[in-house]
Structure formats: structure tokens, C-alpha cells
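The values are calculated or read from the model by the stated rules, or taken from the named source; none is laboratory data. Remember, it's a predicted structure, so these values are computed and weren't measured experimentally. Cβ atoms come from the backbone with ideal geometry, glycine included; neighbour counts cover every protein chain shown. In case anyone asks, the SASA skips ligands and DNA or RNA and just uses the protein heavy atoms, side chains included. Shrake-Rupley method; radii C 1.70, N 1.55, O 1.52, S 1.80 Å.
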Amino acid sequence: MAKKQEAEKELAAKKAELQDAEDTLVKEKEDIESEADSKFIDEIKSTTWSTPDNDFDWDRDEKGFGNYSDEERTKLENLYAGTFNSVNKGEIVQGTVVSINNKDVVLNIGFKSDGLVSLSEFRDTPDLKVGDVVDVFVESQEDANGQLVLSRKRAKTQKSWEEINEALENDTIIDGFVKSRTKGGLIVDIKGVEAFLPGSQIDIKPIRDYDIYVGKTMEFKVVKINHEFKNVVVSHKVLIEDDLENQKTEIVSKLEKGQVLEGTVKNITDFGVFIDLGGVDGLLHITDISWGRIEHPKEVLQLDQTVNVVVLDFDDEKKRIALGLKQLTEHPWESLDTSLEVGSKVKGKIVTVADYGAFLEITPGVEGLIHVSEMSWSQNLRSPQEFLKVGDEVEAQILTLDRDERKMSLGIKQLTPDPWKNIAERYPIGSKQKAVVKNMTNFGVFVELEEGIDGLVHISDLSWSKKINHPNEFTKVGEELEVVVLELDEENRKLSLGHKQLEENPWDTFETIFTLDSIHQGTVIKVGEKGNIVSLPYGVEGFCPAKHSVKEDGSVLKLDETADFKIIEFNKDNKRVVISHSRIWEDQRAEARMEEFNNRKKEAKAASSAVRKVKDSVEKSTLGDLDVLAQLKEQLEDEESAKKAKK
């Protein structure tokens, strides 16, 4: 507490000393002005004044002062005005430092009074001293206290704006001090004016840490000014680009194909690496990095790594340069073992798997293609991914070798015996075999008898009795299926198999059972627009057309409904059975009508015969017989009327 009081007393003493200094300065100034005024007054007093008694100026004091004539007043005003400079509000003038205290700087700009400027506006000039000349902005000739108001900050800002605008118009370079970091860039102080430096305009390469630029003085170009909001955007990158463009032109002009250059890895992408050749970038494509296959350039190169590269090609106009790294070493095919030939066995690692095959790398830069057809003896083509994957180490046999074209084809199946040799002995025609379902198509089933031995079971050879639309209705992939060898083509490696041939052809028997017009009971198992599929005895399926599916009451047969059907068509070769339900009751009606017709015909014939007999006997009859005849006739007529009534 005591120390605080002592500090306050010391501060008060210093303030008193400063006040005394200011009072002394003001007194000296007043003495100088008083002396000047005395000289001016003596000059006036030396002038002989003559005023007529009748026009005596009663306002004149005892020393002889009073009103002046217009001419005298103008002369006095001119003399007074000549003692200081003309100053207008809003202009920039030069001022001389008269004194400096711990708060303000007193400046003399040649006006009738001195101006005060806060010492804080001179922070950028720590060596400021009395007598220095500085630029200041006239804010006001007189404030409420009659004080001249000046500002060095506004003078600096206005001059800076003028210089910044000139820099934009003339495309000139301007210096600036990086004050701080902000979101997306840096804040730059250009002679008192804050400007924004976007992160993308700092350098041509991506900047990871903006803080390294804070506190540095750098050169910039003004790229944009918003006069409404007083915003300025600057760029340091354009200066680098201009320099690089000149360097590019110079470097490219000296380039030659095959020239070896030293560069630095600037950027790494999926497709290649950009190498900085000292002012110009070149592209090192991923295929030109190594003779061997690589998935990404990072496997070989790193950022900021220094490497030697060879110029493969370049474009003067577009300043594009294609570089190579692997070309600096001998091609691996040149050093390939000379003893390798067709039939030789090689070992390597799978580097790529495609739909058509896989590439086996024997040595870095030397690869051979293993086609999918050379992976297995099986004729049922499968995906290479089922056999191999990247990274597998396998052994293969050379099938073709062209050292000039640097191409090689390989095979894996050749390392195992060909299963098709002596196949006729192992799978004779007519023999029964067990196979595994490997694949299915619309036309049949592919089965495997053993590794490399595949055969086809046609859809028509799956069942004698069932109509199969697709093989998946009959079997599934992976299931075991018994088959019979039907045909064998050893030359073309084709094997035709059957499943239904395991049993005798039941259609020979069906032909005797499902005779034309025979009636059988069946169940509707499928309903369609054109007709229904009906399950008949012994697993036979028949087709009942829509018009033959109508019942006697006019309704139609429904799914899972059981009824009687008549065979109207039987084709053993095509395994086709056409049936009808409507034909049964239609035939019954027809028979009933025919029977009735025949009965009526018989009755009519009998009546006619009786009449004929009566006529024959009329001639022989007596009158008494005529009465009998009349009775008989009457009886016949009654019977005929009764029959008509019954109908």
C-alpha cells in the first residue's frame, strides 16, 4: 500500500513538472506574440493621423486607436494573414514537431495555432524527435476549445489508400506486414490499411501452417478493392507465378528428350507424382515409376524426396513435361534368364486379377498372363477370382514366350495330368455315373464328374414325364445327380449326359394307358389364360385347353379342383397329352339325344307297321270288323296324342 502511494505521489510530481513546462512554453509564446504586437503598434503610432474636428471619432482611445478605414483594415488583414499558412479542413499538410510529452505531440503547421496529435499515432516511429517533419490530416481548424485538430493516422490511411489504388491500377508491387492469422488466410498491414491475404494466394504450393508467415514483411500485389466497404485483397502467389513463368520459359527452352534432371517430389496423386524441377513442374506417371506393378506412387516415393528423372516428352506451348523414373534402369526383360523357354516352369506372385485372367509377376517388370481357360481343365468357364487372388504365390508353365514383344502367356492346369486322356475307358457310353451340379442355364444343367471333366444334361433329358420349364425346378447347384453317358466327343472335349435314361421310357406304357377317348381322373395344378395343367395318374401331366375346362353348369375348373378328363390327343414323341373335361358331358348329352331319337324312330316304325297290317285286313273284314277297326284307330290316335303331350 505504501509503495502504491509513493508511486502515485511520484506520478503527480511528474505531471506537475510537465504542467510547469507547458505553462513556460505558453508564456514564452505569448511574450513573442506580445513583442510582435508592440512593434506593429509602434509602426501604427508613427503614422500621422489627421481628423477634422467636426468628424472626431469618439470611439478612439487615448492612445489613438479606433476604427480603421477599409483600406487600412485590408492592409492590416493582409499583414496578419501573411504571418501563417492557409489551411483547409480535410487536406493533408506537413507539420514540424515542436515538442513531445508522454501524451501528445505538438506540431506547427504554420497556422495561427499549433495542433496536438496523440502520441499513440506515432507508435511506428519510436525515434520521433523535435524538428521532425510529418504529414498530418486537418480534421478541423477549430474545435469547441479553439484548438486545431490534426490526425496522423488519417493522413497515413488516406495516403495508403492512394498508394494501394495506384498499385492496383499500375499492377505494381507493394510491401505489407503480416499482422495475424484469420479464418481462411492472413491479415496484412499495408501502411496502416488492413488487407486480406487468402490462404490460396500465399504460395503456389498448399500451405499447411499459416502461422509461419505471421510477423513477416512480404511483397504483394493488390488484386481487388471494395471501395464501399474499404476492403482490400492482396496476393503473394501471383509474384511467385510470374517468377515461375519466367523460369519455366527458360527451363523448357533448354529441355531435351532423354535429359536427366534432379527434382523434388512436390505432390503425390493416385495417377502419378508431380516433380519440381526448380521452377517448373513435371508429371511422373505411375506407369513410369517402376518396371513392376505398383498400386500407388506412395509405395516408391515420398513428399519432398529428391530424385533423378529423365525427360520423356515436353510441350513448349503448354509447358507440360512428361518424366520417367524406371527408364533410368535397364528393362527387366533384358536381364531375363535366357534358359527360359516354352514348357519351362516358373514361380511368381499374382499382382492383378481381371475378368479374363490373372497376371503373374516372375520378377519385377516381367509378367505373364494366365488366361482363365488355362487355370483349370474344366470346360465350365468360371471367374478367375475362384482360382486366384492378388498376393498368391503360384507355379505355372510357359505356354508362349516373345522376348521382342515382351509378352508371355502361362498356364496352371498344364502342371496336372489331362483328365480327358483315356476318358472313353473311364466313362464309356451308357455307363451310369455320379456328378455334382455346378451351373444351370435355360437349356440344361452343367455337372462335374471329376476335376476337369464336365458334362451337360439337356433339360429334355431330366425327366420322362414332367414338363420342366427351368432346371432349377428339378435340381439345385451343389446337389449330387446320377447321370448316364449318352455321347462322348473326346476331340472337342464334350460330354452329353442324361438323367431320365436311368429309367425305362414310361411313355411306351403310357401309350397303352392313356388311349384316345379314355377317361381318367386328374387335378388342376396350374391355371393359365390358354388352358390348365392337370396332374394325371402315374405322374403324367396333361394340358386342358380353356374351352375344354368348362363344366356342365357353365362354370370353369379352378386350381386344385379334381374332375374327370377324356384323352383327346396323345403324342409319345413330344410327350404331349391333351385332355378335355367338357367333352365328357357333351358326349353324354349327345348320346342321350341319339338314344331318344332312336326310340322315337322305333315307335314311329312300329305304328306304321300296325297301320299297314290294318289296311291289309280291311279288305277281308266284315262290317262288324269295321267297328273293331274304328276302335283300334281311335286307340292309336289317343296314344299318339298322349306321346305328344308328354314331349
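Determine whether residue 221 is farther than 26 Å from residue 128 by Cα and in a strand (DSSP E or B).
Details: farther than 26 Å from residue 128 by Cα: yes; in a strand (DSSP E or B): yes.
Yes, satisfied.
So, of the residues in the range 120-134 that are of a type in the set (A, V, I, L, M, F, W, C) and outside any loop (DSSP other than H, G, I, E, B), which turns out to be nearest to the chain's Cα centre (by Cα)? Let's see the steps before the verdict.
Going through the range 120-134, the residues of a type in the set (A, V, I, L, M, F, W, C) turn out to be 122, 128, 130, 133-134.
Now restrict to residues that are outside any loop (DSSP other than H, G, I, E, B): 122, 133-134.
Numbers: 122: 57, 133: 65, 134: 61 Å.
So, considering only residues that are of a type in the set (A, V, I, L, M, F, W, C) and outside any loop (DSSP other than H, G, I, E, B), the one nearest to the chain's Cα centre (by Cα) is 122.
Quick check on the range 254-283: of everything there that is assigned to a strand (DSSP E or B) and touching a helix residue (DSSP H, G or I) at 6+ places or on another chain (Cβ under 8 Å), which residue is farthest from residue 305 (Cα to Cα)? Steps first, answer last, please.
So the first thing to find is which residues in the range 254-283 are assigned to a strand (DSSP E or B), and the list is 260-268, 272-276, 281-283.
Next, only the ones that are touching a helix residue (DSSP H, G or I) at 6+ places or on another chain (Cβ under 8 Å) stay: 260, 268, 272-273.
Numbers: 260: 16, 268: 11, 272: 14, 273: 11 Å.
So the residue we want is 260.
Select from the range 561-581 the residues that are modelled with pLDDT under 90 and not acidic (Asp, Glu) and list them in ascending order. Don't jump to the end; show me each part of the working.
Start the filter on the range 561-581 by keeping residues that are modelled with pLDDT under 90, which leaves 571-576.
Answer for the range 561-581, where residues must be modelled with pLDDT under 90 and not acidic (Asp, Glu): 571, 572, 574, 575, 576.
Would you mind stating whether residue 189 is assigned to a loop (DSSP other than H, G, I, E, B) and either without any contact (Cβ under 8 Å) to a residue 60 or more places away in the chain or buried (at least 17 other Cβ atoms within 10 Å of the Cβ) (or both)? Write out each step before concluding.
Numbers: assigned to a loop (DSSP other than H, G, I, E, B): no; either without any contact (Cβ under 8 Å) to a residue 60 or more places away in the chain or buried (at least 17 other Cβ atoms within 10 Å of the Cβ) (or both): yes.
Judged against the criteria, residue 189 is not a match.
Cβ-Cβ under 8 Å, sequence separation 6+ or interchain: first residue in the range 198-214 and surrounded by fewer than 15 Cβ atoms within 10 Å (Cβ to Cβ), partner at pLDDT below 85 and of a type in the set (A, V, I, L, M). Which pairs?
Pairs that qualify, where the first residue is surrounded by fewer than 15 Cβ atoms within 10 Å (Cβ to Cβ) and the partner is at pLDDT below 85 and of a type in the set (A, V, I, L, M), are 203/240.
Does residue 421 fit the bill of being without any contact (Cβ under 8 Å) to a residue 12 or more places away in the chain and either more than 30 Å from residue 468 (Cβ to Cβ) or surrounded by fewer than 18 Cβ atoms within 10 Å (Cβ to Cβ) (or both)? Steps first, answer last, please.
Details: without any contact (Cβ under 8 Å) to a residue 12 or more places away in the chain: yes; either more than 30 Å from residue 468 (Cβ to Cβ) or surrounded by fewer than 18 Cβ atoms within 10 Å (Cβ to Cβ) (or both): yes.
Answer is yes for this residue.
Would you point out the residue of the range 353-405, among those that are of a type in the set (Phe, Trp, Tyr) and outside any strand (DSSP E or B), that is most open to solvent (accessible area, probe 1.4 Å)?
Just the residues of the range 353-405 that are of a type in the set (Phe, Trp, Tyr), to begin with: 356, 359, 377, 387.
Checking the rest, the ones that are also outside any strand (DSSP E or B) come to 356, 377, 387.
Details: 356: 113, 377: 42, 387: 69 Å².
Ranking the qualifying residues of the range 353-405, first place goes to 356.
Would it be correct to say that residue 166 is acidic (Asp, Glu) and either assigned to a helix (DSSP H, G or I) or open to solvent by less than 90 Å² (accessible area, probe 1.4 Å) (or both)?
Working: acidic (Asp, Glu): yes; either assigned to a helix (DSSP H, G or I) or open to solvent by less than 90 Å² (accessible area, probe 1.4 Å) (or both): yes.
For residue 166, the condition - acidic (Asp, Glu) and either assigned to a helix (DSSP H, G or I) or open to solvent by less than 90 Å² (accessible area, probe 1.4 Å) (or both) - is met.
In the range 256-297, what count of residues is obtained for those that are among the acidic types (Asp, Glu), open to solvent by less than 70 Å² (accessible area, probe 1.4 Å) and under 28 Å from residue 243 (Cβ atoms)? Steps first, please.
Within the range 256-297, the first condition is being among the acidic types (Asp, Glu), and the residues that meet it are 256, 262, 270, 276, 281, 288, 295.
Filter again for open to solvent by less than 70 Å² (accessible area, probe 1.4 Å), leaving 276, 281, 288.
From what's left, under 28 Å from residue 243 (Cβ atoms): 276, 281.
Counting residues in the range 256-297 that are among the acidic types (Asp, Glu), open to solvent by less than 70 Å² (accessible area, probe 1.4 Å) and under 28 Å from residue 243 (Cβ atoms) gives 2.
Quick one: which residue in 452, 444, 478, 498 is over 15 Å from residue 430 (Cα atoms) and in contact with a helix residue (DSSP H, G or I) (Cβ under 7 Å, 6 or more places away or on another chain)?
Values: 452 fails: in contact with a helix residue (DSSP H, G or I) (Cβ under 7 Å, 6 or more places away or on another chain); 478 fails: in contact with a helix residue (DSSP H, G or I) (Cβ under 7 Å, 6 or more places away or on another chain); 498 fails: over 15 Å from residue 430 (Cα atoms).
Residue meeting the stated conditions: 444.
Return only the number of the condition from (1) surrounded by 12 or more Cβ atoms within 10 Å (Cβ to Cβ); (2) touching a Phe, Trp or Tyr at 6+ places or on another chain (Cβ under 8 Å); (3) in contact (Cβ under 8 Å) with a residue 12 or more places away in the chain that residue 468 does not satisfy.
(3)
Which of the residues spanning the range 247-271 are closer than 18 Å to residue 315 by Cα and of a type in the set (Asp, Glu)?
250, 256
Pull up the range 536-570, narrow it to residues that are assigned to a loop (DSSP other than H, G, I, E, B), open to solvent by 20 Å² or more (accessible area, probe 1.4 Å) and touching a residue at least 24 places away in the same chain (Cβ under 8 Å), then point me to the one that is farthest from residue 508 (Cα to Cα).
552
Any idea which residue in the range 571-583 is surrounded by the most Cβ atoms within 10 Å (Cβ to Cβ), counting only those that are under 22 Å from residue 468 (Cβ atoms) and either touching a Ser or Thr at 6+ places or on another chain (Cβ under 9 Å) or of a type outside the set (A, V, I, L, M) (or both)? Working first, answer last.
Within the range 571-583, the subset under 22 Å from residue 468 (Cβ atoms) is 571-579.
Keeping just the survivors that are either touching a Ser or Thr at 6+ places or on another chain (Cβ under 9 Å) or of a type outside the set (A, V, I, L, M) (or both) gives 571-576.
Details: 571: 11, 572: 13, 573: 6, 574: 8, 575: 19, 576: 13.
Per the stated criteria, the residue is 575.
Out of curiosity, is residue 245 part of a loop (DSSP other than H, G, I, E, B), open to solvent by 70 Å² or more (accessible area, probe 1.4 Å) and of a type outside the set (Lys, Arg)? Break it down stepwise before answering.
Numbers: part of a loop (DSSP other than H, G, I, E, B): no; open to solvent by 70 Å² or more (accessible area, probe 1.4 Å): yes; of a type outside the set (Lys, Arg): yes.
Against the criterion (part of a loop (DSSP other than H, G, I, E, B), open to solvent by 70 Å² or more (accessible area, probe 1.4 Å) and of a type outside the set (Lys, Arg)), residue 245 does not qualify.
Exactly one of (1) open to solvent by 90 Å² or more (accessible area, probe 1.4 Å); (2) of a type in the set (D, E, K, R); (3) closer than 22 Å to residue 443 by Cβ is unmet by residue 491. Its number?
Result: residue 491 fails condition (3) only.
What about residue 324, is it over 15 Å from residue 394 (Cα atoms) and of a type in the set (Gly, Ala, Ser)? Before the answer, list the steps.
Working: over 15 Å from residue 394 (Cα atoms): yes; of a type in the set (Gly, Ala, Ser): yes.
It is true that residue 324 is over 15 Å from residue 394 (Cα atoms) and of a type in the set (Gly, Ala, Ser).
In the range 298-338, what count of residues is obtained for those that are under 30 Å from residue 374 (Cβ atoms) and either open to solvent by less than 70 Å² (accessible area, probe 1.4 Å) or in a strand (DSSP E or B) (or both)?
5
Mind checking whether some residue in the range 76-89 is at pLDDT 65 or above and surrounded by 14 or more Cβ atoms within 10 Å (Cβ to Cβ)?
The answer is yes; a qualifying residue exists.
Only one of 208, 154, 181 is assigned to a loop (DSSP other than H, G, I, E, B) and over 19 Å from residue 242 (Cβ atoms); which? Please lay out each step first, then the result.
Values: 154 fails: assigned to a loop (DSSP other than H, G, I, E, B); 181 fails: assigned to a loop (DSSP other than H, G, I, E, B).
Exactly one of 208, 154, 181 is assigned to a loop (DSSP other than H, G, I, E, B) and over 19 Å from residue 242 (Cβ atoms), namely 208.
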